[in-house]
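Following: one structure in structure tokens, then a few remarks.
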Amino acid sequence: MAADPRVPLFARAGTWKWIVPDDAIDYVVPGASFHAQKRWWSRQWVVVGHSPSPWPEPMVLYIARDRVEHGYWRDVAVGDPAFDARYFVYCDAPALAPLVVGPATRAAFDASFDEDSPRTLTLHVAHERVETESIVERDDPAATHRHAEVHRGLAADARAVTASWDRLAAALGGKLTRAWPPALALLRPIGDVVIEMRWQRTHGASAAEWAAAEDSLVTKLTALDARAAAPGWRLAAMPRRTPDSIAIGGRWLEPRGAVPDLAALAPTLLVAGAAGVMCDPRETSISLAGLASLGRVTEALGLLDRLVDPQQRASPYR
């Protein structure tokens, strides 16, 4: 576009259009569109960037350093102690916060911080839209780049989760059956097995409800064969120690029913990071805490084989 000395320096990086000359301008850069409004009493501008949310999960996410708005009140952890200490983070799907606010988003957000700015950049994801906002100087050439990098960081973290499931399916010889929430199916000697990502939401106000939701992300492995011997049994995840619970890998699991030799199960449960086990004629499943790695899933698959077919005499062609 032709040079226009009235256009703020931060807007010249994109394709711009005056909405109100010298007062409001729209512009677009790869990955985001922007609206900037001049503050009438200074040379500063309020810059707001927009892009579609890269996450297929409808959610509310808000990140800020110097203020809390929109009535959000619960600060959730993203798994990075330094980032958690610097920023307020609200997410109505708290179990997903460490994935959504992943390494790329955190790095971009940290790079956006400016000690000299009167109002630091904030991020708001709602109604499947991403919005960033900050107050910038008219002649700040890097302002738009700081915003755009946050939008790109969110997209990069979303792609990373999808790619991790693609790699898991390829390594196990399985097939993705659902893009979101991610799920894959594979054939084992015991029959069909489904591996999927699960979590729970919360709209409650109690700290206990939020703590349970934050810790609810699991990678669940389910054998679709119904040969597990009755009576069934389970190791149920407990939020705290109970009289009958046992500690495995920092988690409390409560045996229910005719649980087999725990001494034999415990080493595999520990390595796999199990957050629960169910074994009955309806379902044989193992839940692994968080987004499990290939190594943990492989350990759990071996245990699932033994639970469904203790004698290891099964054939997928029976």
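The values are calculated or read from the model by the stated rules, or taken from the named source; none is laboratory data. Keep in mind that this is a model prediction, so the values were computed, not measured. Heads up, the Cβs are rebuilt from the backbone with ideal geometry, glycines too, and the neighbour counts pull from every protein chain shown.
Taken together, Val46, Val60 contain a single residue that is farther than 18 Å from Asp140 by Cβ and either assigned by TED's automatic domain parsing to the domain that holds Ala148 or at pLDDT 90 or above (or both), which is Val60.
Screening Pro56 against (1) under 29 Å from Val161 (Cβ atoms); (2) free of Cβ contacts under 8 Å to residues at least 40 places away in the same chain leaves a single unmet condition, (2).
With respect to the conditions (1) free of Cβ contacts under 8 Å to residues at least 24 places away in the same chain; (2) surrounded by 13 or more Cβ atoms within 10 Å (Cβ to Cβ), Trp40 falls short on a single one, namely (2).
In the range 196-215 there is at least one residue that is closer than 14 Å to Ala300 by Cα and either loosely packed, with under 13 Cβ neighbours inside 10 Å or not hydroxyl-bearing (Ser, Thr, Tyr) (or both). Between Thr177, Thr120, Thr162, Thr144, the distinction of being β-branched (Val, Ile, Thr) and under 19 Å from the mean Cα position of the chain (by Cα) belongs to Thr162 only.
Would you be able to say whether some residue in the range 162-173 is at pLDDT 90 or above and over 20 Å from Ala300 (Cα atoms)?
To start, the set of residues in the range 162-173 that are at pLDDT 90 or above comprises 162-173.
Now narrow it down to the ones that are over 20 Å from Ala300 (Cα atoms): 162-163.
Looking through the range 162-173, at least one residue is at pLDDT 90 or above and over 20 Å from Ala300 (Cα atoms).
May I ask you to say which residue of Arg159, Arg146, Arg152, Arg188 is modelled with pLDDT of 95 or more, among the basic types (Lys, Arg) and buried (at least 17 other Cβ atoms within 10 Å of the Cβ)? Spell out the reasoning first.
Working: Arg159 fails: buried (at least 17 other Cβ atoms within 10 Å of the Cβ); Arg146 fails: modelled with pLDDT of 95 or more; Arg188 fails: modelled with pLDDT of 95 or more.
That would be Arg152, the only listed residue that is modelled with pLDDT of 95 or more, among the basic types (Lys, Arg) and buried (at least 17 other Cβ atoms within 10 Å of the Cβ).
The residues in the range 254-288 that are at positive phi, in a strand (DSSP E or B) and out of contact with any Pro (no Cβ under 9 Å at 6 or more places or on another chain) can be counted, and the count is 1. Anything in the range 132-155 that is farther than 17 Å from Pro8 by Cα and charged (D, E, K, R)? List them, or say none. Within the range 132-155, Glu149, Arg152 qualify.
Of the residues that make up the range 237-253, is at least one farther than 16 Å from Glu299 by Cβ, assigned to a strand (DSSP E or B) and in contact (Cβ under 8 Å) with a residue 40 or more places away in the chain? Checked the range 237-253: at least one residue is farther than 16 Å from Glu299 by Cβ, assigned to a strand (DSSP E or B) and in contact (Cβ under 8 Å) with a residue 40 or more places away in the chain.
Taking each residue of the range 77-94 that is without any contact (Cβ under 8 Å) to a residue 24 or more places away in the chain and looking for partners that are of a type in the set (Phe, Trp, Tyr) with beta-carbon atoms closer than 7 Å, six or more apart or interchain, yields nothing.
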